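I have placed the structure first, in the form of structure tokens, so that the comments after it can refer back to it.
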Amino acid sequence: MEQQAKTAMTPEEFGAVVGRIRGEVRRVIVGQEGLIDQVLIAFLAGGHVLLEGVPGLGKTLLVKTLAQTLDLVFARIQFTPDLMPADIIGTNVVMQDPDGRRYFEFQRGPVFTQVLLADEINRATPKTQSALLEAMQEHAVTAAGTSYHLDEPFFVLATQNPIEMEGTYPLPEAQIDRFLFKLKVEFPSARDLVEIIDRTTAVEQPVAAVVAGGDQIREMIGLAREVEAASHVKTYAVRLVQATHPTERQAAPLAKRYVRYGASPRGVQALILAGKVRALMAGRANVSLADLKALALPALRHRVILNFEGEAEGIDADAVLQNALSETADLEAAQT
Amino acid sequence: MRPPDDRIDRLVRRAARRLTLQYALRSGLFAADAVALGLAAAALATLVAPLTPVPPSLAVVAALTALTLVTVSVSLLRGTDVLAAARIVDTRAGLLDRLSTALEVRPRAARSLLAPRLLADAAAHAASVNLSTTLPWRLPRSWPVLPLAVLFLFIWSAFFRGAVLPGTPAQRTREVIRQEGSRIERFAQSLQARTRSERAPQTRRLAPQLRGLGQGLQRDRLDRTEALARIAELGRQVDQARREVDSRLRSQAQPRTEEGMLPPELFRRQALQQQIRQLRELTTRLQQHPEAASQDALQRLGEVGRDGDGDQPARVHENLRRAREQLERGDAGGAGESLNDALRELEGLDQLLADAEGLRGTQQQLERSQRAIGDGGSRLGGEVADEQAPPQGTSGSPGENRPSQETGGEARAPEGPFEGTTPGRGRGGEKLGPPTSRLDAQRKPERLRGAQSEGPAGAAEVLGAGRTGTARAPTATVSPSIVAQADRAMEHARTPARYRGLVRRYFERLARLR
């Protein structure tokens, strides 16, 4: 049954839908083409995205626009320090029926949606942040011993300010590992800034149209998993992840020195899965090494935990990954 | 329309073959580079080590042989996996791993939703791949090594061949070669001087070559192998000449009795010359006074016959016997002719013996030089000089060899009365002290000039007084080398005929005791 659903969409249709979504988002968002594509990749891979950047760069607007283009239920949670888990998941409240009998009824929280914008997620306490753990991994929520499944597709887009800023709580490792991508929102270029001025200060505001529905998105997610990956491509992904582990034989030099824990197995999964979507978006039915190299930073940067020396010297996880990429590329060349 | 699988297969197989050949060629070039570099390094090493540099042409041949052998071997023995070839084509042609993934997916294509599309996509891209541009034939970056190494060998051979650094084993070997060249030249000069006074045609013919060899060893910058080759070449000629002389000696001078089993060179020439002198005197007397000399001539003829008994060739013996019979009959003229025949026979034999002696000396000299050069700088030239025996007349009698006086290296125990005075280890000079002047006398060869007159000629043996008493050294302590040296000395010594047997038996007994 599910196979039939998967076969309903062809790679050409996949590309066409992606093109339409991309076009609608770009009507609203100026520049940030790479960011938009990566958010789409994560979305079509069934993963969640953590957007990091200083305020005012359009993170929230990007998520809202994406939700508008897709005919999906959208919810937004503004994370604050006093936000409680029940404010996200929902809670049992006492109700009274017409006969006067009281009973508990689960009031669903904002997590019961399809596209969830967790805005400024690192402003909430770790306890509250952890409320999303089950939802993100299992696509389910448990309250008072009862599990509630979330509607598919379920997609969390979290934004956070850089953790060095005041009044923020770093996300716990278990939480951050559940994000498929961590994307850095860069400051727009001068030309993009002029375009932003033109678009946002005029009378008419651009509005994104709906171009895809939930069923279509589910088919696209299913089709992406059909993309083939050759053995040497998988091996490359594994070697790349191993290169971030300081205790591994093939660890990159920077990883040996500055990394406490390397990328988790979820990192390999994320790399291959995202690579499949990227290949399909490019009209290919196979994952290439180029896909993995292009996606290594967003898929792995939040999974590399620096040690004290790395933190003290201000080493960026991206630098470690770039080093691992260069080292792993040498291994690849040597093998062929 | 060709099926997609077929197009992929054909491309990948062609790529695999091409990659194998390229790898084989690279390996072959690497091997050729290694050979050429090794030979260039060996040429450089001749500056310090006594090695023979390989000629550039041979180096080129060796490098090309290595190139060919390794290329062929690798191309035959090593195949390139088609999957690896597909990955390389993917990378070089920018196919984004389409070919390699298609090859892996093909066996399970029926179970994969996107496999047919992947195969079609890969085949379409395979059709656009041109292997000539994707996998071009390129020389490896190390290709200049081979021509540069060969060029270096040519330059080295042309301008620096034979150059050595001072104080190195190569320089010591070069010095030994020069010293040996000088010795060979001196030996050749003495040989030439000797052949002017003696009739030894083979020796005379070889003496200039020997001298040229000695001059060449001194003049040319030769390495050890070349020097040994030159010596060996001349040695072969000497050996061939000596075989001819020996053959003629065996055929002409076959001893009449079984006593010929004795060392043939020990006393023969001495006795031969004595007999020649006696026969000349007798012939002269018969020519001058044929009527008065018959009785005396018969007596002298008998002495000649007794002296040469056992050593004389049969034809000489026959001529002497005929002369004796003719004298007894009173036919002095016939006896003179018979004696002349015998004299010519003996003179011919003397020539052969002179040739044999000269060739043997030459051979010994060449062997000594070969040994010295073969040892290189491990033994110093002074020691080699001590070992060398002069060509004739100066051969040391027992007791002449002294301990070597060199300070470096290991002193070899001398032969003769000093033997045993040098411990097995240590330096001879420290133990023995300064050499005595007892045997420092120099030989001064003199040659008489002028033509022999027709007047009466006489010959007499003048013997010095021998040392009386018995030998003080026990015979058991006398080494065979002394016996051999005594043999050589006795060849050149003037020993009365009646003492020869005694001396010979004495040394034979010594040899048996050892």
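The values are calculated or read from the model by the stated rules, or taken from the named source; none is laboratory data. No experiment lies behind these values; they were computed from the predicted model shown. Every residue, glycine among them, receives a Cβ derived from its backbone with ideal geometry; neighbour counts consider all protein chains shown. For accessibility, only protein heavy atoms count, side chains too; no ligands or nucleic acids. Shrake-Rupley method; radii C 1.70, N 1.55, O 1.52, S 1.80 Å.
Note on the stretch B:117-132: among residues that are within 12 Å of chain A (Cβ to nearest Cβ) and within 15 Å of residue B:6 (Cβ to Cβ), the one that is surrounded by the most Cβ atoms within 10 Å (Cβ to Cβ) is B:122. For the criterion of being under 22 Å from residue B:95 (Cα atoms) and either open to solvent by less than 30 Å² (accessible area, probe 1.4 Å) or within 10 Å of chain B (Cβ to nearest Cβ) (or both), residue A:291 passes.
Would you confirm, using the coordinates I've provided, whether residue A:257 is open to solvent by 60 Å² or more (accessible area, probe 1.4 Å) and farther than 27 Å from residue A:37 by Cα?
Judged against the criteria, residue A:257 is a match.
Checking each residue in the stretch A:36-49 for being open to solvent by 20 Å² or more (accessible area, probe 1.4 Å) and in contact with a strand residue (DSSP E or B) (Cβ under 9 Å, 6 or more places away or on another chain) picks out A:38, A:46.
Would you confirm whether any residue within the stretch A:52-72 is at pLDDT below 90, part of a strand (DSSP E or B) and either within 14 Å of chain B (Cβ to nearest Cβ) or farther than 25 Å from residue A:133 by Cβ (or both)? Spell out the reasoning first.
At the first step, the residues of the stretch A:52-72 found to be at pLDDT below 90 are A:52-72.
Cutting the leftovers down to part of a strand (DSSP E or B) gives us A:52, A:70-71.
Those still in the list that are either within 14 Å of chain B (Cβ to nearest Cβ) or farther than 25 Å from residue A:133 by Cβ (or both) too: A:71.
Yes, because at least one residue in the stretch A:52-72 is at pLDDT below 90, part of a strand (DSSP E or B) and either within 14 Å of chain B (Cβ to nearest Cβ) or farther than 25 Å from residue A:133 by Cβ (or both).
Quick one: is residue B:65 touching a Leu at 6+ places or on another chain (Cβ under 8 Å), away from chain A (no Cβ under 14 Å), farther than 30 Å from residue B:121 by Cα and part of a helix (DSSP H, G or I)? Answer is no for this residue. Counting only residues that are within 10 Å of chain A (Cβ to nearest Cβ) and buried (at least 19 other Cβ atoms within 10 Å of the Cβ), the stretch B:74-88 holds 4 of them.
Looking only at residues of the stretch B:350-390 that are modelled with pLDDT under 80 and aliphatic (A, V, I, L, M), we find that the one that is most open to solvent (accessible area, probe 1.4 Å) is B:380.
Can you tell me which residue among A:299, A:274, A:270, A:285 is under 17 Å from residue A:44 (Cα atoms), open to solvent by less than 10 Å² (accessible area, probe 1.4 Å), in contact (Cβ under 8 Å) with a residue 60 or more places away in the chain and within 14 Å of chain B (Cβ to nearest Cβ)? Break it down stepwise before answering.
Values: A:299 fails: within 14 Å of chain B (Cβ to nearest Cβ); A:274 fails: within 14 Å of chain B (Cβ to nearest Cβ); A:270 fails: within 14 Å of chain B (Cβ to nearest Cβ).
Being under 17 Å from residue A:44 (Cα atoms), open to solvent by less than 10 Å² (accessible area, probe 1.4 Å), in contact (Cβ under 8 Å) with a residue 60 or more places away in the chain and within 14 Å of chain B (Cβ to nearest Cβ) holds for just one of A:299, A:274, A:270, A:285, which is A:285.
Among B:36, B:123, B:102, B:43, which is the only one that is in contact with a strand residue (DSSP E or B) (Cβ under 8 Å, 6 or more places away or on another chain), of a type in the set (Gly, Ala, Ser) and at pLDDT 85 or above?
On the way: B:36 fails: in contact with a strand residue (DSSP E or B) (Cβ under 8 Å, 6 or more places away or on another chain); B:123 fails: in contact with a strand residue (DSSP E or B) (Cβ under 8 Å, 6 or more places away or on another chain); B:43 fails: in contact with a strand residue (DSSP E or B) (Cβ under 8 Å, 6 or more places away or on another chain).
None of the other options fit; the residue is B:102.
Give me the residue from the stretch A:195-244 that is within 14 Å of chain B (Cβ to nearest Cβ) and of a type in the set (Ser, Thr, Tyr) and, out of that set, least open to solvent (accessible area, probe 1.4 Å). First the steps, then the outcome.
Taking the stretch A:195-244 and keeping what is within 14 Å of chain B (Cβ to nearest Cβ), we get A:219-237.
If we keep only those that are of a type in the set (Ser, Thr, Tyr) too, we end up with A:231, A:235-236.
On the way: A:231: 47, A:235: 61, A:236: 1 Å².
Applying the filter and picking the extreme gives A:236.
Every residue in the stretch A:302-329 that is of a type in the set (D, E, K, R) and either under 24 Å from the mean Cα position of the chain (by Cα) or open to solvent by less than 30 Å² (accessible area, probe 1.4 Å) (or both), please. Across the stretch A:302-329, the qualifying residues are A:303, A:316, A:318. Counted as qualifying within the stretch A:130-209 are the helices (runs of 4 or more DSSP H) with 3 or more residues that are free of Cβ contacts under 8 Å to residues at least 12 places away in the same chain, namely A:190-200.
Residue pairs whose Cβ atoms lie under 6 Å apart, sitting 6 or more positions apart in sequence or on different chains, and linking a residue in the stretch A:306-325 that is farther than 9 Å from residue A:255 by Cα to a partner that is open to solvent by 40 Å² or more (accessible area, probe 1.4 Å), are A:307/A:260.
Output the residue which, of all residues in the stretch B:94-115 that are at the interface with chain A (Cβ under 9 Å from one of its Cβ atoms) and in a helix (DSSP H, G or I), is surrounded by the most Cβ atoms within 10 Å (Cβ to Cβ). Out of the qualifying residues, it is B:101.
For residue B:163, the conditions (1) assigned to a loop (DSSP other than H, G, I, E, B); (2) away from chain A (no Cβ under 14 Å); (3) open to solvent by 40 Å² or more (accessible area, probe 1.4 Å) all hold with the exception of (3).
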